[in-house]
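What follows is a single structure, written as structure tokens, with notes after it.
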Amino acid sequence: MRQVIWAGALVGAVVASAVLYEAAVPHAAHSQAAGQRPQAGVPVRIVEAVTKPTPVELNTIGSVQTIASVAVKSRVDAVIDQVLVKDGQFVKAGDVLFQLDSRASQATMHQAEATLARDQAQLANAQRISNREKSLIEKSFVSQQQFDTDSATATALEATVRADQAQLEAAKVQLSYYTIIAPIDGRVGLIAIKQGNSIKANDVPLATVNQIQPIYVSIALPQGNLPDIRAAMAKGPVTVQVRAQGDKGPPISGKIAFFENTIDSNSGTINVRSTFENADQRLWPGQFVNVTVLVRTDPNALIIPPAAVQAGQSGTYVFVIKDDNTAEIRPVTVDRTVDGNVVISNGLNPGDKVVTDGQLRLNSGTHVQIVSDAPKGDAS
């Protein structure tokens, strides 16, 4: 009986193994087939490299400087009689700023006028005598010696009158020093000395006038930019745009006026100054501004979005999608960034498809699937 039972168990085990094998073989075959299916490519977004006219610009920081700044001082010792200007007032050249006590100088001028009048009268009388004696000397009514003496007197009085006139002009010039006027158009700063104070000649400034219309913006550019600046200026005015910090208005436009006649050997830079009309006074002396110098316009610049450019140990590179939808690492040379676009000078050709999103999962040879942005209004 035991032998029969063991024989039955053995047969059952063989049958069960056969059933399990038949069930397992199709599943393994299915799994093997599934493993041989090509995997879906890495989803990426791309753009094509295109060419378009792009400006060549130099961007830097500049400082606003006055074209002229004059410290107003007195030329004479005097007392300030009137202050005819206020702190921060805008003045025109020739406007009276201060009036000094000029009574002593006026008296000197009047004295010079009187001296001139006296000598002019004496000259007129001497000339009449000389002219009269000239007609009488031929008739021997006047001696030659007398005529010569009177002629010499008239000549001497002519010199005296010229000296008196020069003395009077000097007195008028001296008197003009007591009226202090604005030497240039500009804005007055703080009035340092008020009415009633005694001042000395060429002592402390009474006020400072800064010209702000027009005004300079000074920038320091690397010496390597000098050839481009000179070439641009040879073709015509070079446009400069500045943005003042905190100014919400549009950029302020000006022109390069000149560059310095020497390069700073310590920093390797050259100072360039631009002129701005500054009619609305948006630029102020001492202010720092962001400066953009338009050197030229490149008609066929190759551009791509900044998102396409990657940085590695060997430099910058992009992923280019080939015709078989595989990725290729392509080293590129970035020339500059303008208006949100990166200008590529080497490594790409127009029409190349570069990846802008999905680079983290890519290597050379990776199969990709190009996807497009979701339609507008799609919340997914």
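Side notes on the structure shown:
- Looking only at the range 110-134, and only at residues there that are farther than 20 Å from Val173 by Cβ and among the hydrophobic types (A, V, I, L, M, F, W, C), the one that is modelled with the highest pLDDT: Ala121
- The requirement of being in a loop (DSSP other than H, G, I, E, B) and surrounded by 13 or more Cβ atoms within 10 Å (Cβ to Cβ) is satisfied by Val142.
- Residues satisfying the stated conditions in the range 324-380, i.e. at pLDDT below 90 and out of contact with any strand residue (DSSP E or B) (no Cβ under 9 Å at 6 or more places or on another chain): Gly340, Ala374, Pro375, Lys376, Gly377, Asp378, Ala379, Ser380
- Listed by first and then second residue, the pairs linking a residue in the range 241-266 that is assigned by TED's automatic domain parsing to the domain that holds Val217 and more than 17 Å from Gln287 (Cβ to Cβ) to a residue that is of a type in the set (D, E, K, R) and in a strand (DSSP E or B), with Cβ atoms under 8 Å apart and 6 or more places separating them unless they lie on different chains, are Ile256/Arg273; Ala257/Arg273; Phe258/Arg273; Phe259/Arg273.
- For Val204, the stated conditions do not hold, so it cannot be described as within 29 Å of Ala257 (Cα to Cα) and β-branched (Val, Ile, Thr).
- Just one residue in the set Asn266, Asn290, Asn278 is in a loop (DSSP other than H, G, I, E, B), among the polar types (S, T, N, Q) and surrounded by 11 or more Cβ atoms within 10 Å (Cβ to Cβ); that residue is Asn278.
The rows are residues; the columns are (1) of a type in the set (D, E, K, R); (2) assigned to a strand (DSSP E or B).
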residue	(1), (2)
Phe319	no, yes
Asp323	yes, no
Ile329	no, yes
Val334	no, yes
Asn349	no, no
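- Failed condition for Val173, given (1) more than 40 Å from the chain's Cα centre (by Cα); (2) closer than 19 Å to Leu84 by Cβ: (2)
- Applying the criterion of at least 3 residues that are charged (D, E, K, R) and not assigned by TED's automatic domain parsing to the domain that holds Glu169 to the strands (runs of 3 or more DSSP E) found wholly in the range 41-139 leaves an empty list.
The values are calculated or read from the model by the stated rules, or taken from the named source; none is laboratory data. As the structure is a prediction and not an experimental result, all values here were calculated from the model. Cβ: placed from backbone, ideal geometry, glycine included. Neighbour counts: every protein chain shown.
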